[in-house]
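Readers should treat all values here as calculations from the given coordinates under stated rules, not as data from a laboratory. Given the structure is predicted, the values throughout are model-derived calculations rather than measurements. For neighbour counting, all protein chains shown are included, and Cβ atoms are generated from backbone atoms with ideal geometry for every residue, glycine included.
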Amino acid sequence: MQIGNWSRRELLKLFGVSIGGTIVGQAAWPRKIGAQSRKVTPLHTARNCIVIQNAGAMSPWETLDFKDTKWTAKDLDMRKVHSDFYVSKTLFPNYEMWASRASLVRSLKGVAVVHYPAQYHTQAGRALNTAIIREVPALGSVIAYELESQRRESDTFPTFMSFDLWNVRCPQIGPGMLPPRFAGLDLNTSNVFQSFGDGKESAESKSLLSERWEALGRMLEVSAVGNERIGPKAEEYKASYDYAIRLLLDPRFKKALALTEEEKKRYGVDKDTGAAKFGLAALLARNVLAADAGARFLWVSNAYNGGNGVFDNHQNLYGRGANAPTRGTALSIYDSGPRFDRAFSSLIQDLTSMPGHEPGKTLFDETLIIVAHEFGRTPDINPHGGRDHFVDAYTNLFMGGGVKPGRVIGKTSDTGAKVVDVGWKYKEQPMMDHVASTIYSALGIDYSKKIEDTPSGRAYEYQQTAPLGGPAFIPRTGIEELFA
């Protein structure tokens, strides 16, 4: 099927629309949704949220939870941010733009030591359960459902958008049991700029696209009359195309793609490598948020070409020159650290200077920003000069959106081998489930809700207290200490 200048295949490739993960149509979406016995009062400190996924998991021992051990390189040039936070000037040359604004959770615990289920846990806010995998929505899809009533007539961007999420071991998981309109729209930075160039499109092309879309809509209306065999899948495809077409016809989308050479250089897109994709993704996220066109939950992927984690340093963590990791594997931390820092510091600098939705606030004030990892890295260096996967302790970074700067939740031992202080009022270590509840609460969503009439008949809780593959019980809560 051809729509304007784009075929069905091209649209799906361009946007990475997730339509395969949904299992029900518009008429079958869950209706019994409500709070459980212990009602939660959300914090409602943020209007938006950006999650940056450092695919592969950045080693905390050189970065966000520094440990000076026999393994540690001597040229990291550590700088004190505050009493319990030191940052490497070598790895993060622009740390002064973001470090003092950040708070950290250092006592996080993972449940899976392999990338796919661990990244699924990060994206879904719950551990992988293959028995109900097709009905579980992405965290962003639940947020899109919850914020639907706040959308304006002028909003054309989906509430949930992601950038290069297709390029990780666990790509976008879709809306599950929720209607397809709550699926995230994943922009592929490898194709979107090739398709639109500088973000400009001729009036003739726009007019043709609009006319063909309207004609297609009329034909679908006629063909659907008295023909129940078309089934719910037709609605799923239509919902996906609706988002794509509304974006293509909105001048704000073209404007979001119009990047200057100076901006690209600041964000580190002047390098012709797969790792430079993060700079493009961060720039797009900034522009999409600034457009104020309906996108409120943004997921930014930082991964190398082919889905390899930029920070998946199983070998040559400190490699340089002839000892640098080979192409196609993770980058040396001397490369991946500064690349991340260049884009991230520019993003934070821009958000702090851009006006927000409310008068007197900046986009930084209104946006909860999280740098997330699927797990940590082993305290010991392996025989290949790298660090392997580690679930007993890892660190995520939080800032903006009401987070109080300078907080450090949790403490690890001198080597990082174990958590010695969980850092909050519960005895259990926080998990990604609690990070998800923190996002819900900051956006004004009651994370104690559950959906009862699911396809499997098993209630879907926004936050589980007995996750599959994890501890027997975890507290149903966000990490409120970040906001205290």
> Quick one: Cys49, Cys170, fewest Cβ neighbours within 10 Å first, how do they rank?
Replying inline: Cys170, Cys49
> Taking the simple approach of a point 7 Å from Cα along Cα-to-Cβ for both Lys361 and His384, what is their distance in nm?
Replying inline: 4.6 nm
>> On a 30 Å Cα-Cα criterion, which of the cross-link pairs Lys361/Lys425; Lys89/Lys411; Lys361/Lys450; Lys74/Lys404; Lys427/Lys449; Lys39/Lys109 come out too long?
In response: Lys361/Lys425; Lys361/Lys450; Lys74/Lys404
> Measuring from label point to label point, each 7 Å out along Cα→Cβ, what is the Ser456 to Tyr116 span in nm?
Replying inline: 1.7 nm
> Is the range 86-147 best put as rounded, prolate or oblate by its Cα gyration tensor, with a ≥ b ≥ c the root eigenvalues, rounded for a/c under 1.5, and otherwise prolate when a/b is larger than b/c, oblate when not?
Replying inline: prolate
> In nm, to one decimal, how far is the Lys404 label point from the Ser190 one, both placed 7 Å along Cα→Cβ?
Replying inline: 4.5 nm
> Can you list the residues, at least 5 places off or on another chain, whose amide H is less than 5 Å from the amide H of Gly268, using H built in the peptide plane?
Replying inline: none
